[in-house]
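One structure is given below, encoded as structure tokens.
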Amino acid sequence: MNLKAKQKRPVQTHIVVFIIPALIIYTVFVVYPFLVSFRLSLYDWKGLGPMIYVGLGNFVKLFTKEPFNQQFFNALKHNIIFFVVTMVVQNLVGLVLAIILSRRIKGSAVFQAVYFLPVTLSLVVVGYLWTLMLNPMWGTVNLILRAVGLGSLARPWLGDPHTALLAIIFVNAWQWIGFPLLVFLASIQGIPDEFFEAARIDGASEWHVARYITVPLILPSITMVTIMTFIGTMNAFDIVYTMEGILGSPFFSTDVLGTFFYRTAFGTVWGTPGNLGFGSAVAVVMFLMVLIVSYTWLRITRKHEVQY
Amino acid sequence: MVNRSRVGSLGRIALYILLVAYGLTIVYPLFIMLCNSVKTGQEIFANPFSLPSSFAWDNYSYVWSVASFNAYLKNSVFVTVVSVFLVLVVSSSAAFALARYRFTGNTFLYLFFLSGLMLPIRLGIIPLFVLMKNLNLLDTYASLILTYTASAIPFAVFILTGFFKALPKELEYAARIDGCNEYRIYYQIMLPLVRPALATVAIFNFVQTWNDFFIPLVFISSDHLKTVPLGMTNFFGQYQTDWNYLFAGLTLATLPTLIMYLFMSKQFIKGLTAGAVKG
């Protein structure tokens, strides 16, 4: 009896005053829209006029009806490429740089600050800056290639369907590399020195130290960076929009789910009307993919983590 | 004493070359941007690599007034400052209550706030758009400020609750005995003690809000209400071939963050990796 009375405390006024503003703003502008988007995905609705209930019709349309299914799977393919290439050119390189910087390197703090700098910039600025850098005629990249006698490599990087997506992924990695780098570095610096010393006394090579000590012990960070990269690349939008436009030019070769979603929901200025119901269905599918993949990935890697 | 690294001096030099080379890859494009922003259009194409021969400040004045960068910057500053301030106020008080009082539903509320870390704001953008339309808030500062504040709350509550929980109980007891009411305990005793966490949250949200492009793209249509990233897209469409203006515009858009970063890179790094790095 006594125990029960203790557990149940009435909520006092000041507690309500402290919590209610955040609770209301968050519920109205984050939670409510999130829930409504699931409901909206079951309707055909152009934003004006009647909302027509279509059940799972939007999803069927997305997966089976041309040109939507073509564009969807084309964009999905690009998102997967975006993720895989980013893992290598951004996170693997970031890991190597982090391992190097974890040694007694003079000026380590300066290197860290420089590598991290682009993370603070806007993707729009980065996108446009590199659009100019990659300009076929006057862009710095091709000018340098011609200046050092590699003019045959110069090409319209963003105008060629074979290189456009890769160019965008590299620009994106240029901006973000400092993030995984510093997360890994902090993680490596948390490993007790004795582990490295013991390994080196036993004559382990640099590669073995990295492979059997560093990487297993920072696995939680690697998992987290991988998931953040996955979520980030699934949401890619700004960089494609600024560098290649809402259609993922040239010829949809850089179209990603983010731009595809925007077009289906809000339409384009050239006349294709948007459909808020169909757009919501696309958003729901994107969300479920992120959720399922992240959850599965966490479940798998959790088993391999080492405690120390 | 064990030599921590077995890399020989030759290997060490190679490592430094690698590190510096990568550093140049980061710095050089920004350097080009700065140089070209004060060249004339002709000079950019004639001497793309050289330092500017004279300073064409007209680029800046043109971009500032004719291309309405003054308006874009003003909008960005206003929206960012108000949003960050609001986030700090509502999240710190909520986090304080969640961390320091035991009441029914405490854990539930905490998890409710935290679940927002998993919800991508883009998934809700369509209903949010409809909501703003019904509230007559489309194409206003308020639509941006409310969205930024709301979407920043989960992270802020998460970070701040952790900090408030770490403060000793005795502080509160002592203050209560001295006759402080709960609001003063929050505002005068506890809040100053979590200043580092407030800085982390402020920097994190400053960068997110200042750089955001998607929300204004959906909500804002009037040119005079556009923030810098959205204004840039206009500007690039309009002045495609005037590279001197484009570089000046990019520089203007970058400078505020760049200058702040130069002075407080440590805090930026800490703020932006918070949540991803333990401790």
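The values are calculated or read from the model by the stated rules, or taken from the named source; none is laboratory data. Keep in mind it's a predicted model, so treat the numbers as computed, not measured. All Cβ positions, even for glycine, are placed from backbone atoms using ideal geometry, and neighbour counts span all protein chains on display. Remember, those area values only see protein heavy atoms, side chains included, never the ligands or the DNA or RNA. Shrake-Rupley method; radii C 1.70, N 1.55, O 1.52, S 1.80 Å.
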Review point. A:Ser221: under 30 Å from B:Arg12 (Cβ atoms), polar (S, T, N, Q) and modelled with pLDDT under 90, yes or no?
Key: no
Revision key, fill the gap. Here, helices (runs of 4 or more DSSP H) confined to the range A:193-308 with at least 1 residues that are closer than 25 Å to B:Val277 by Cα are A:193-201, A:206-209, A:219-234, A:276-302
Point to revise | Looking only at the range B:173-219, and only at residues there that are crowded, with 18+ Cβ neighbours inside 10 Å and of a type in the set (D, E, K, R), the one that is nearest to the chain's Cα centre (by Cα) | key: B:Asp212
Check your understanding: Taking the range A:28-73 as the search range and keeping residues that are buried (at least 17 other Cβ atoms within 10 Å of the Cβ) and assigned to a loop (DSSP other than H, G, I, E, B), which one is farthest from the other protein chains (Cβ to nearest Cβ)?
Key -> A:Val54
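For every residue, the table says whether it meets (1) surrounded by 11 or more Cβ atoms within 10 Å (Cβ to Cβ); (2) β-branched (Val, Ile, Thr).
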position	(1), (2)
A:Phe266	yes, no
A:Trp270	no, no
A:Gly274	yes, no
A:Gly277	yes, no
A:Ala281	yes, no
A:Phe287	yes, no
A:Ile292	no, yes
A:Trp297	yes, no
A:Glu305	yes, no
Study note, to complete from the structure: Of (1) at pLDDT 95 or above; (2) crowded, with 22+ Cβ neighbours inside 10 Å; (3) out of contact with any Ser or Thr (no Cβ under 7 Å at 6 or more places or on another chain); (4) over 20 Å from A:Pro21 (Cα atoms), B:Thr140 fails just (2)
Check your understanding: How many residues, within the range A:215-254, are closer than 24 Å to B:Met118 by Cβ, more than 12 Å from chain B (Cβ to nearest Cβ) and more than 16 Å from the chain's Cα centre (by Cα)?
Key -> 1
Practice item. Consider only pairs whose beta carbons are under 7 Å apart and that are at least six residues apart or on different chains; among these, list those whose first residue lies in the range B:165-178 and is at positive phi and in contact (Cβ under 8 Å) with a residue 12 or more places away in the chain and whose second residue is in a helix (DSSP H, G or I) and of a type in the set (Val, Ile, Thr). Key: none
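Residues being in a helix (DSSP H, G or I) and in contact with a Ser or Thr (Cβ under 6 Å, 6 or more places away or on another chain): count how many of those fall in the range A:100-112.
Taking the range A:100-112 as the starting set, the residues that turn out to be in a helix (DSSP H, G or I) are A:100-101, A:108-112.
Filter once more, keeping what is in contact with a Ser or Thr (Cβ under 6 Å, 6 or more places away or on another chain): A:101.
Qualifying residue count for the region: 1.
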Check your understanding: What residue, among those in the range B:146-155 that are open to solvent by 20 Å² or more (accessible area, probe 1.4 Å) and touching a Leu at 6+ places or on another chain (Cβ under 8 Å), is nearest to the other protein chains (Cβ to nearest Cβ)?
Key -> B:Leu146
Practice item. Taking only the range B:8-40 into account, find how many residues are within 24 Å of B:Tyr60 (Cα to Cα) and not β-branched (Val, Ile, Thr). Key: 10
Review point. Residue check, B:Gly249 against (1) of a type outside the set (Phe, Trp, Tyr); (2) farther than 20 Å from B:Val87 by Cα; (3) in contact with a Gly (Cβ under 8 Å, 6 or more places away or on another chain), all met but one. Which one?
Key: (3)
